[in-house]
2 protein chains.
Amino acid sequence: MKDFSDLKVVNIGLESFAQDLVKQGVPAIQVKWSPPAAVPSAALDRITASQDVIDIANRKVIDIIQAGAPVLLGLDIALKVIPGMHSKLILHAGPPITWERMCGPMRGAIMGALIYEGLAPDADAAEALAASGEIEYSPCHEHNAVGPMAGIISASMPVFIVQNESSGNYAYCTQNEGLGKVLRYGAFSPEVVSKLKWMQDSLYPILDKAIRSLGKIDLKSLIAQALHMGDEVHNRNRAGTSLLIRQLAPAILRTSDSMEESAKALEFINGNDHFFLNLSMPAAKCILDAAAGIEHSSILTCMARNGTDFGIRLSGTGNEWFTGKALVPDALYFPGYTKDDANPDIGDSAITESVGWGGFAIAAAPAIVQFVGGNAADALSYTQQMYEISASEHQNYQIPALDFRGTPLGIDVVKVINNNLTPFIDTGVAHKNPGIGQVGAGVVSAPIEPFIKAFEKFAHIL
Amino acid sequence: MKDFSDLKVVNIGLESFAQDLVKQGVPAIQVKWSPPAAVPSAALDRITASQDVIDIANRKVIDIIQAGAPVLLGLDIALKVIPGMHSKLILHAGPPITWERMCGPMRGAIMGALIYEGLAPDADAAEALAASGEIEYSPCHEHNAVGPMAGIISASMPVFIVQNESSGNYAYCTQNEGLGKVLRYGAFSPEVVSKLKWMQDSLYPILDKAIRSLGKIDLKSLIAQALHMGDEVHNRNRAGTSLLIRQLAPAILRTSDSMEESAKALEFINGNDHFFLNLSMPAAKCILDAAAGIEHSSILTCMARNGTDFGIRLSGTGNEWFTGKALVPDALYFPGYTKDDANPDIGDSAITESVGWGGFAIAAAPAIVQFVGGNAADALSYTQQMYEISASEHQNYQIPALDFRGTPLGIDVVKVINNNLTPFIDTGVAHKNPGIGQVGAGVVSAPIEPFIKAFEKFAHIL
């Protein structure tokens, strides 16, 4: 069937004008267009005048991201491998934040971590210690690490070791705990802590031995495959988890000391479709860290939320954070919960969007849009919008439903401002109070504020 | 963005008429339409007059197919479980055929099976024995079994035992051999036979023990998930194979006698993304066998090819085969091969299309269309066409890219004739000579001839 359109008027801007035309029988086409976000015109002018320099810098960043080759090398204890880690340091998701300003689920997760570390016997003691000034807090992102949701990493926790083979740098992330009562959503009951202990005593050595026996696991290949299999490797990781198990299982058989413990480890991973998230995140992190600090580049190297603030960093502005208020996601809430229970957006998992997966690749995972009442066409549309704020397209990560078009590559703050369109992010939703856990999953658009601040600073130092 | 079409002419039939209008500046829309296939008008009249009776019968068949609940129970040796199996019987793909009319790859696979069974020492002796009259040949389909490509099952081969829990009936299929030199594509060299021996001596007992320790594996769930993960469970089975490994791996750990043999078994499955095909096929077979023999139903219970003939069976005409010449698929050929090397369409794997997967669900697996130069829109279009010849839509097997619309359910021979549109089938392509193997993979439309014959017989006995 062919479809002939007889288009007479192209309308840009106010949709009501097109609607009026249509009422009068004149065919019209509506083009989505918004004025740039509210930034000083001097900053806009500086950027425009330097666009050639920016383009050259961005080309460098694009090439570095394109070349990123994350591999999983094994696991080790955080204290031994994470730069700057010490026994009184707690790493957390998002930009820097003090205990006083932390949201409920982050506080809950820190209390759980202090109990897990043996630094506090119970929740009250943990809360007192956490607030005492004895504990140092620092973003995962400032220690080559990332963490989903509260993103808490303490000294004794085992972490995956992921390396970007093209640049040699490393990224670290804990093992995913599964769903239900888990630390990353702010729960800290004895069952939460005892699961973390089992992950340290049993799961970690089994996985480490298996992975080291294989030499490495190619995460670039697994993620590229997962995007062909309905995952966007943020809120949907069923394919990634499955493909990981395929590689791990024979190696676990060959290296295990206890068949029963190994079977339990495999069952745990099989029971947790999000297990692969804690590998897609450090994969994204080490790809983007390699692209940080390129002078004059307007491309983001991370987006991260601590549940209070939403923060971003640009390649051209180095390690500086630009923050704004974290928003509450649109979500499908679990029975008994509503948006009133929800904590604002939290976690380092937006590192997946930062590299072009997650919400940017949601066309590869329409099931996620279904969650919040959308359909497959909406999923295509979200991804297509994200190309508008991206510098390029990846050659290896592809979206089947868009004829295997490459995923958006390199979020360009200039394009975000010019289009007044912020990144689209898939996410889990934590209860706003400590000790409860997950209440839903959904989607959220990043706030514009951090992008305006970053744009202004970037223009200023050009 | 909105899109207003100003359509003036709807043209049905010859596309050139619409093209002429367009050339003259008159907007026109072309509706695909073909006259019914060439069947006697008396048959058409009989069907029209009995449509109410047919609809009631088809409703029964739809309900049976909808309720189908295939589970994997374990494995056993063909001789012990396949009805009618004996040491001089060879089961083959497709409708009945004599040795004289068999194509090259089927002959090659039979020669390999006779060597594997110890009935012949070498290829020459096997060929002589195969042609001697001492060996009995019968379709897998007539023994509750199915086989991909040549589909050869001999007495000593281990077979998966799949049960349709809603009807209690069973279906059987061999273990998938992987790619390269394999029996099902007509290869019969010593390496082919020795791999079959390893599958009998090592792979089979490991899998059987693991599956039986689990009680059962729910194939309905695995197939529904795989369709959400880029598989159509005919030519693409990466997700199905991955999900199967996830379930099997812990059970293998718990039941294995030899870790090294078990690791090899898991590596073999991990190295063969088609492993799950030999489970999706008996799953489809047991679902459709339960729907056979419903008087007055015009719905197909199988399509199958022996490499010479393409055969179908209808529910309302029981076990009778209606056949036509098998066609050569459009394919992507391996380096060094062309369509001239290709054998006509072969294998029982079209049982997946018969139940609404494979080519009918190709919108779930656009990577397959890419093989033969198509794109994601083509994949959607192929599936959408298949709804035109199907009686209903499945509630559990869904296609994400069509907003999780159910897969087409129940191929209706009346609709095939009225639309003059035959089923679309994904397939592997075998070399036409025995002993060589696979030369490509592609797609093919079923020939109309078997459908015309079935329609006429169905009308005759109404």
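Using just its DSSP H runs of length 4 or more, each adding -39500 (n - 2.57), the protein assembly as shown gives a mean residue ellipticity at 222 nm of -11500 deg cm²/dmol after division by all residues. For A:N418, the shell of other residues with beta-carbons less than 11 Å away shows a net charge of -1, using +1 for Lys and Arg and -1 for Asp and Glu. Distance between the modelled labels on A:E388 and A:S194, one decimal in nanometres: 5.2 nm (7 Å Cα→Cβ projection). Label-point distances for B:E134 to the equivalent site in the other copies, using a point 7 angstrom along Cα→C-beta, read 8.7 nm when ranked shortest first.
Of the residues A:S258, A:S202, the one with the fewest other Cβ atoms within 10 Å heads the list, and the complete ranking is A:S258, A:S202. Each label was represented as a point 7 Å from its Cα along the Cα-to-Cβ direction; for A:D257 and A:A224 these points are 3.8 nm apart. In nanometers and ordered shortest first, the copy-to-copy spacing of the B:E191 label point, defined 7 Å from Cα toward Cβ, is 5.3.
What does the average come to when, for each residue of peptide B:237-248, you count the partner chain Cβ atoms lying within 10 Å of its Cβ?
6
Ranking of A:S392, A:S262 by neighbouring Cβ atoms within 10 Å, starting from the fewest: A:S392, A:S262.
By the rule of a C-alpha distance below 16 Å, with chain neighbours fewer than 8 residues away ignored, the aspartates and glutamates paired with A:K220 are A:D63, A:E165, A:D231, A:E232, A:D289, A:E353, A:E393. Under 1.5 on a/c is rounded, so check that first for the protein assembly as shown, then, if it is not, pick prolate when a/b is larger than b/c and oblate when it is not; a ≥ b ≥ c are the square roots of the alpha carbon gyration tensor eigenvalues. It is oblate, given that a/c is not under 1.5 and a/b is not larger than b/c. Beyond a 25 Å Cα-Cα separation, which of these cross-linked pairs lie in this structure: B:K80/B:K285; A:K181/A:K264; A:K80/A:K195; B:K285/B:K415; A:K339/A:K453; A:K264/B:K197? From the list (B:K80/B:K285; A:K181/A:K264; A:K80/A:K195; B:K285/B:K415; A:K339/A:K453; A:K264/B:K197), the Cα-Cα distance tops 25 Å for A:K339/A:K453; A:K264/B:K197.
The charge dipole of region B:158-290, taken about its Cα centre with unit charges on the Cβ atoms of Lys, Arg (+1), Asp and Glu (-1) only, comes to about 80 debye.
For region B:195-325, relative contact order (Cα pairs under 8 Å, six or more residues apart, normalised by length) works out to 19 percent. Just want the answer: with Cβ charges of +1 for Lys and Arg and -1 for Asp and Glu, which residue in B:A291, B:P105, B:F322 is farthest toward the dipole's positive end in chain B? The Cα lying farthest towards the positive end belongs to B:A291. With both labels modelled 7 Å from their Cα along Cα-to-Cβ, the B:T98 to A:E134 distance reads 9.3 nm.
Taking 0.36 nm per residue of sequence separation and subtracting the Cα-Cα distance, how much length would be gained by fully extending the chain between A:V372 and A:D52, in nm to one decimal?
111.1 nm
Summary value for region B:288-380: 24 percent relative contact order, contacts being C-alpha pairs under 8 angstrom separated by 6+ residues.
With its label point put 7 Å out from Cα toward Cβ, A:I461 sits 8.2 nm from the same residue's point in the other copies, in order from shortest. Here the dipole of the protein assembly as shown is about 0 debye; that uses its Cα centre as origin and unit charges on the Cβ of Lys and Arg (positive) and Asp and Glu (negative).
Of the beta bridges in the protein assembly as shown, as assigned by DSSP with both residues counted there, near 85 percent are antiparallel.
A Förster radius of 30 Å combined with the Cβ-Cβ distance from B:L332 to B:E165 puts the calculated FRET efficiency at roughly 0.20.
What shape does region B:179-258 have by the C-alpha gyration tensor, where a ≥ b ≥ c are the square roots of the eigenvalues, rounded means a/c under 1.5, and otherwise prolate means a/b greater than b/c and oblate the rest? Oblate. Working from Cα pairs under 8 Å separated by at least six residues, relative contact order for chain A is 20 percent. Counting Cβ atoms of other protein chains within 10 Å of each Cβ in A:222-231 and taking the mean gives 4.
A short reminder: the numbers here are calculations on the coordinates, not readings from a lab. Every value quoted in this text rests on a predicted model; they were computed, and no experiment measured them. Note that each Cβ is placed from the backbone with ideal geometry, even for glycine, and that neighbours are counted across all protein chains shown.
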